[in-house]
C-alpha cells in the first residue's frame, strides 16, 4: 500500500504522515531482524559447542586411536607412560550417578505422588517453593557437605570408608536431584485427567490405590522421562564429585572406593597449568565430548519418551 | 438369622478393610511428606553446619582482606568484587539477548522448521552440563577470540549458561498476556514493535524479572565453567575500578583483568588439606547460600505476587 502511494506522480506531495509510515515500516523490519539474530544466538551456541568439542577432539584422536580410547583400562594422560582409556572415567561417572538415582528415584517418585495426589492446595503452595529454593543452592556448597559432613558421617557406619569415596557424593547428588525428578513426575501425574481418578474412586478405591494403580501407570511415560533427565543431570554434575569423590581415575564400580568422574577430570586438568595445544589440554575436550554425547543421549531419550509414549486421553 | 449374622460379619470385615486402607492412605501421606522434607532437612543441616564451622570468620575483616597463606587472616575481598564484576557482564550480555530472543520466538517467529530449530536448540541448551560451557569458553573465548582468562570471558560464559533460563521465562510470561491487550493496541494504530515494547513487555516485566533473578543466582553459584576457563584462585589485587574520577568517568580496563569469584575461592580453600582453610570455606559457603537463597526467594515471592495480583 505504501509503495503504491509512493509511485504516484511527483507533483502530489507525499504527506509527512506517509513518510513517517515508511520510516516506521523500515524500522519495524530492522527490529524484527535484530530480534531474530538474538534468537539465533541459541543455535550459534550449540554449533560452537559441537565445533569446538569436535575440533579439539579431532587433534586428540590423531595421537590416540579410537580403539585404545574405548578399550584401554587406564586413564593417565598426564603421566610419562600415558594411557588414554576413557573407561575408568566412565565407570566413575556411572557409579556416582547410579547411587544418586538409587536415592532420588524412590524419594522423588514418592514425593511426586504425594504432591499430586495427597497434598492439599495449601501444602503444595508451601512445599513447591521450598523445593525450588533447594534447586537454587550452588553445587560447590553441596560439595562441602559431601566432603566434610556426609562422608565423616558414613565413616562412622563404615569405618573402612576412605575420605574420598563415591558413596557420599552420590548420596548428596541424589538429594540434589529429588526436587528435579519430583516436580517433573508431578507434572506428568497432574496431566492425567480427573475423570480417571473419579472412575477409580467410584469403584471404592482409596487415594493410595488410585495413585498406585491408576494415576502412576497412566503417567508412566512422563515419570520415566523424569528419571532419564535426572540421569542426565547426575552425569553432568561436577563440583560435588570433583570435591568429594577423589581425582584418581579408577576402573571400579565399588561405591566404597575413590574414583574420578569425567567432570572431575576436566576440573583437575583445568586447575593445573597445561599449555594450550598439548595432549593433556586436548584430552579434556575428548572427555567433554564423551560427556556431551552421554547427556545428549539421555536428554533425547527422555524427550522422546515423554512425547512418543504419552497416552492421549 | 444365619444370613443376618453373616451380613454383620461381612460388614465388620468390610469396615476393617476400609480402616486398613484409610490407614495406608495416612501412612503414605506421612511418608510422602517426609520424602519431600528430606531435601529441606538437608538444606537446613547444610546451612547450620556451614554456620557452625565458619563462625570464627564471621567478621568484617573476612570481607576486606585479600586471600592469604595464613588461613586466619585470609579474606574474600578479591572474590566478592570479582563476583560482582562478572555478574555485571553476565547481566548485560544475557538479559538483552535472552529477552530479545524470547520476544522473537513468542511474538514474531513464523511457524516453520526454522523456528522449530531454534526452539529445540533452546531446550537442548538447558540440558547441557555447565562444565561443557566452560570447555566452549576455553576454546572460543580464551584461545579463539584471545580474550584470555578475564572477567569478560567469565561474564560471557555465564551469560551463555543462563541464556536458556532467561529465554524460557520471558516466553512464559509473554504467553500469559491475553490477545485482547494486543488487539486493543493494534486497533489504535500501534505498530507491532510498539505493541510489543509498550504493552506486552511492559505487562510481563515482572515475570521476566523473576527469570533474570533466578538466572543471576545460578550464575553467582556456578563454579565448574569458571574453573574450566582457568580462573586464578589466588588473587591479591583488585581489578581496575570501572568508575574513575577523570573524564569519561567510566573505563573498561577491568574487563581484561584477572579475577576470582566466591565459589572458586571456596573450592580452592576446600581442596586444601589444612583444616584451618576449611573454616574459611564454610564461611564463604554460608555467604553464598544466604545470597542465592535471598535472590531465589525474592524471585519466588515476586512470582507469587504477580500471580495473585493480576487478573486479566
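The values are calculated or read from the model by the stated rules, or taken from the named source; none is laboratory data. Not measured: the values here are computed from a predicted model. When we count neighbours, we look across all protein chains shown, and the Cβ atoms used for this are built from the backbone with ideal geometry, even at glycine.
Against the test of being assigned by TED's automatic domain parsing to the domain that holds residue A:91 and surrounded by 18 or more Cβ atoms within 10 Å (Cβ to Cβ), the options A:162, A:138 yield a single qualifying residue, A:138. Tell me yes or no: at least one residue of segment A:194-214 is at pLDDT 85 or above, part of a loop (DSSP other than H, G, I, E, B), surrounded by fewer than 20 Cβ atoms within 10 Å (Cβ to Cβ) and more than 10 Å from every other protein chain (Cβ to nearest Cβ). Among the residues of segment A:194-214, at least one is at pLDDT 85 or above, part of a loop (DSSP other than H, G, I, E, B), surrounded by fewer than 20 Cβ atoms within 10 Å (Cβ to Cβ) and more than 10 Å from every other protein chain (Cβ to nearest Cβ), which makes the answer yes.
Residues that are loosely packed, with under 12 Cβ neighbours inside 10 Å and either within 46 Å of the chain's Cα centre (by Cα) or within 8 Å of chain A (Cβ to nearest Cβ) (or both) within segment B:13-29 comprise B:20, B:27, listed in sequence order.
Of all positions in segment B:216-233, none carries a residue that is away from chain A (no Cβ under 11 Å) and either modelled with pLDDT under 85 or closer than 23 Å to residue A:31 by Cα (or both). Look at residue A:89 and say whether it is in contact with a strand residue (DSSP E or B) (Cβ under 9 Å, 6 or more places away or on another chain), modelled with pLDDT of 75 or more and either assigned to a helix (DSSP H, G or I) or within 14 Å of chain B (Cβ to nearest Cβ) (or both). Considered against the rule, which asks whether it is in contact with a strand residue (DSSP E or B) (Cβ under 9 Å, 6 or more places away or on another chain), modelled with pLDDT of 75 or more and either assigned to a helix (DSSP H, G or I) or within 14 Å of chain B (Cβ to nearest Cβ) (or both), residue A:89 comes out as yes. In segment B:102-157, the qualifying residues are those that are surrounded by fewer than 20 Cβ atoms within 10 Å (Cβ to Cβ) and under 17 Å from residue B:218 (Cα atoms), and the one that is farthest from the chain's Cα centre (by Cα) is B:127. The residues of segment A:55-68 that are within 25 Å of the chain's Cα centre (by Cα) and surrounded by 15 or more Cβ atoms within 10 Å (Cβ to Cβ), listed by number, are A:56, A:57. Within segment A:143-162, the set of residues being over 19 Å from residue B:46 (Cβ atoms) and in contact (Cβ under 8 Å) with a residue 12 or more places away in the chain comprises A:158, A:160, A:161, A:162. Mind counting the residues in segment A:61-86 that are out of contact with any strand residue (DSSP E or B) (no Cβ under 8 Å at 6 or more places or on another chain) and without any contact (Cβ under 8 Å) to a residue 60 or more places away in the chain? Adding up the residues that qualify gives 9.
Residue A:152 meets all of the listed conditions (1) over 20 Å from the mean Cα position of the chain (by Cα); (2) in a helix (DSSP H, G or I); (3) buried (at least 18 other Cβ atoms within 10 Å of the Cβ) but one, namely (3). Among the conditions (1) modelled with pLDDT of 85 or more; (2) closer than 26 Å to residue B:239 by Cα; (3) more than 7 Å from every other protein chain (Cβ to nearest Cβ), the only one that residue B:131 does not satisfy is (3). Here is a list of conditions, (1) at the interface with chain A (Cβ under 8 Å from one of its Cβ atoms); (2) touching a residue at least 12 places away in the same chain (Cβ under 8 Å); (3) assigned to a loop (DSSP other than H, G, I, E, B), and residue B:149 meets all of them except one; can you say which number that is? Unmet for residue B:149, out of (1) at the interface with chain A (Cβ under 8 Å from one of its Cβ atoms); (2) touching a residue at least 12 places away in the same chain (Cβ under 8 Å); (3) assigned to a loop (DSSP other than H, G, I, E, B): (1). For segment A:104-127, the set of residues classified as more than 9 Å from chain B (Cβ to nearest Cβ) and either touching a strand residue (DSSP E or B) at 6+ places or on another chain (Cβ under 9 Å) or in contact (Cβ under 8 Å) with a residue 12 or more places away in the chain (or both) consists of A:104, A:105, A:116, listed by residue number. Taking each residue of segment B:176-195 that is more than 13 Å from residue B:107 (Cβ to Cβ) and looking for partners that are exposed (fewer than 10 other Cβ atoms within 10 Å of the Cβ) with beta-carbon atoms closer than 6 Å, six or more apart or interchain, yields B:178/B:312.
Residue by residue, here is whether (1) surrounded by 14 or more Cβ atoms within 10 Å (Cβ to Cβ); (2) touching a residue at least 12 places away in the same chain (Cβ under 8 Å); (3) within 12 Å of chain A (Cβ to nearest Cβ) holds:
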residue: B:11; (1), (2), (3): no, no, no
residue: B:32; (1), (2), (3): yes, no, yes
residue: B:49; (1), (2), (3): yes, yes, yes
residue: B:69; (1), (2), (3): no, no, no
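Kindly check whether there is at least one residue in segment A:38-50 that is touching a helix residue (DSSP H, G or I) at 6+ places or on another chain (Cβ under 7 Å), over 26 Å from residue B:161 (Cα atoms) and within 8 Å of chain B (Cβ to nearest Cβ). No: segment A:38-50 contains no residue that is touching a helix residue (DSSP H, G or I) at 6+ places or on another chain (Cβ under 7 Å), over 26 Å from residue B:161 (Cα atoms) and within 8 Å of chain B (Cβ to nearest Cβ).
Each residue in segment B:51-67 was checked for being part of a helix (DSSP H, G or I) and either free of Cβ contacts under 8 Å to residues at least 24 places away in the same chain or surrounded by fewer than 16 Cβ atoms within 10 Å (Cβ to Cβ) (or both), and 7 of them qualify.
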